[in-house]
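Before any comments, here is the structure.
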Amino acid sequence: MSTHAFTILPAPTTLEGHGVRLIPLAPAHVPGLQAAAADGNLWTLRITSVPEPEHTEAYVAAALQGQADGHMLPFVVTDAASGAILGTTRYHDIVPALARLEIGYTWYGRSRQRTHVNTACKLLLLEHAFQTLGAAVVGWRTDNYNTASQRAIERLGAHRDGVIRHHALRRDGTVRDTVMYSLLAGEWPEVRAHLQYQLQRPRN
């Protein structure tokens, strides 16, 4: 067996802390995701993966097929107190032989953006990846025009690896360049301390 493999393979699990709960995605979450996406009409943004209301069922089905195929692990993000669905995120491009996975397909209703929610989710996902699964590296990728996403990833302390040109289709049929980021296991302790500080400090 490769010495670089995961300690345990990624599998559906619930992650909770800092006011949020990440639950394994299921077909029953479709209405809640439609409501979260309607908070800001997020599907109108050309640089995101948020599904239109009528396509949400297929979006969930595709994510679950990725899970069945072993390269995705999707979650629905909920408020820990109320249970309300805030958005979704997932591990994807899981490569067990390299102990590598990426975090992406992340979106939240507009009213939950620029709050503690994204920081809390990233802390939970990174803790699970590095401390439970034994990941060697966690990656991110984003549209070259999605500067808000790039800033958010960089605030985590991830390393900008470069740009893959003419890499993927956008929802409007144009072809995007993809900006790639990564965080190595050895860099995780400092990033963990930074994320914990961000969650503890007062917010204006």
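The values are calculated or read from the model by the stated rules, or taken from the named source; none is laboratory data. Please read all numbers here as calculations on a predicted model, not as lab measurements. Because the Cβ atoms are built from the backbone with ideal geometry, glycine has one as well, and the counts that use them run over all protein chains shown.
Identify, from the list Val77, Val117, the residue that is within 15 Å of the chain's Cα centre (by Cα), farther than 28 Å from Ala5 by Cα and either exposed (fewer than 15 other Cβ atoms within 10 Å of the Cβ) or not acidic (Asp, Glu) (or both).
Val117
State the number of residues belonging to region 162-193 that are under 17 Å from Thr119 (Cα atoms) and β-branched (Val, Ile, Thr). Within region 162-193, residues that are under 17 Å from Thr119 (Cα atoms) and β-branched (Val, Ile, Thr) number 1.
In this structure, is Gly83 farther than 19 Å from Gln113 by Cβ, modelled with pLDDT of 95 or more and more than 17 Å from the chain's Cα centre (by Cα)? Against the criterion (farther than 19 Å from Gln113 by Cβ, modelled with pLDDT of 95 or more and more than 17 Å from the chain's Cα centre (by Cα)), Gly83 qualifies.
So for region 120-127 (the condition being surrounded by 13 or more Cβ atoms within 10 Å (Cβ to Cβ), touching a residue at least 40 places away in the same chain (Cβ under 8 Å), part of a helix (DSSP H, G or I) and among the basic types (Lys, Arg)), does at least one residue qualify? Break it down into steps so the answer makes sense when it comes.
Of the residues in region 120-127, the ones surrounded by 13 or more Cβ atoms within 10 Å (Cβ to Cβ) are 120-127.
Cutting the leftovers down to touching a residue at least 40 places away in the same chain (Cβ under 8 Å) gives us 120-127.
Subsequent filtering for residues that are part of a helix (DSSP H, G or I) retains 120-127.
Among the residues that remain, those that are also among the basic types (Lys, Arg) are: 122.
Within region 120-127, one or more residues are surrounded by 13 or more Cβ atoms within 10 Å (Cβ to Cβ), touching a residue at least 40 places away in the same chain (Cβ under 8 Å), part of a helix (DSSP H, G or I) and among the basic types (Lys, Arg).
Scanning region 185-204 for residues that are in a loop (DSSP other than H, G, I, E, B) and in contact (Cβ under 8 Å) with a residue 12 or more places away in the chain turns up just one, Arg203. Filtered by the rule that a residue be within 19 Å of Leu101 (Cα to Cα) and in contact (Cβ under 8 Å) with a residue 60 or more places away in the chain, region 150-184 gives no residues. Considering only region 177-204, state which residues are basic (Lys, Arg) and modelled with pLDDT of 95 or more. Result: Arg192, single match.
Among the residues that make up region 45-66, is at least one of them among the charged types (D, E, K, R) and surrounded by 17 or more Cβ atoms within 10 Å (Cβ to Cβ)? No, region 45-66 contains no residue that is among the charged types (D, E, K, R) and surrounded by 17 or more Cβ atoms within 10 Å (Cβ to Cβ).
With Thr106, Thr88, Thr56 as the choices, which residue is out of contact with any His (no Cβ under 7 Å at 6 or more places or on another chain), in contact (Cβ under 8 Å) with a residue 40 or more places away in the chain and of a type in the set (S, T, N, Q)?
Numbers: Thr106 fails: in contact (Cβ under 8 Å) with a residue 40 or more places away in the chain; Thr56 fails: in contact (Cβ under 8 Å) with a residue 40 or more places away in the chain.
Exactly one of Thr106, Thr88, Thr56 is out of contact with any His (no Cβ under 7 Å at 6 or more places or on another chain), in contact (Cβ under 8 Å) with a residue 40 or more places away in the chain and of a type in the set (S, T, N, Q), namely Thr88.
Among the residues of region 17-36, those that are part of a helix (DSSP H, G or I) and either touching a residue at least 12 places away in the same chain (Cβ under 8 Å) or touching a strand residue (DSSP E or B) at 6+ places or on another chain (Cβ under 8 Å) (or both) comprise Pro27, His29, Val30, Gly32, Leu33, Gln34, Ala35, Ala36. The number of residues in region 128-174 being small (Gly, Ala, Ser), over 14 Å from Ser49 (Cβ atoms), in contact with a Lys or Arg (Cβ under 8 Å, 6 or more places away or on another chain) and not in a loop (DSSP other than H, G, I, E, B) comes to 1.
Within region 49-71, identify whether any single residue is out of contact with any Ser or Thr (no Cβ under 8 Å at 6 or more places or on another chain), β-branched (Val, Ile, Thr) and in a strand (DSSP E or B), and answer yes or no. No, there is no match, as no residue in region 49-71 is out of contact with any Ser or Thr (no Cβ under 8 Å at 6 or more places or on another chain), β-branched (Val, Ile, Thr) and in a strand (DSSP E or B). When we screen His71, His92, His18 for residues that are on the phi > 0 side of the Ramachandran plot, surrounded by 14 or more Cβ atoms within 10 Å (Cβ to Cβ) and out of contact with any Lys or Arg (no Cβ under 8 Å at 6 or more places or on another chain), the only hit is His18. Please go through region 154-163 and give me each residue that is out of contact with any helix residue (DSSP H, G or I) (no Cβ under 9 Å at 6 or more places or on another chain) and either surrounded by 15 or more Cβ atoms within 10 Å (Cβ to Cβ) or aliphatic (A, V, I, L, M) (or both), ordered by number. Within region 154-163, Val163 is the sole residue that qualifies.
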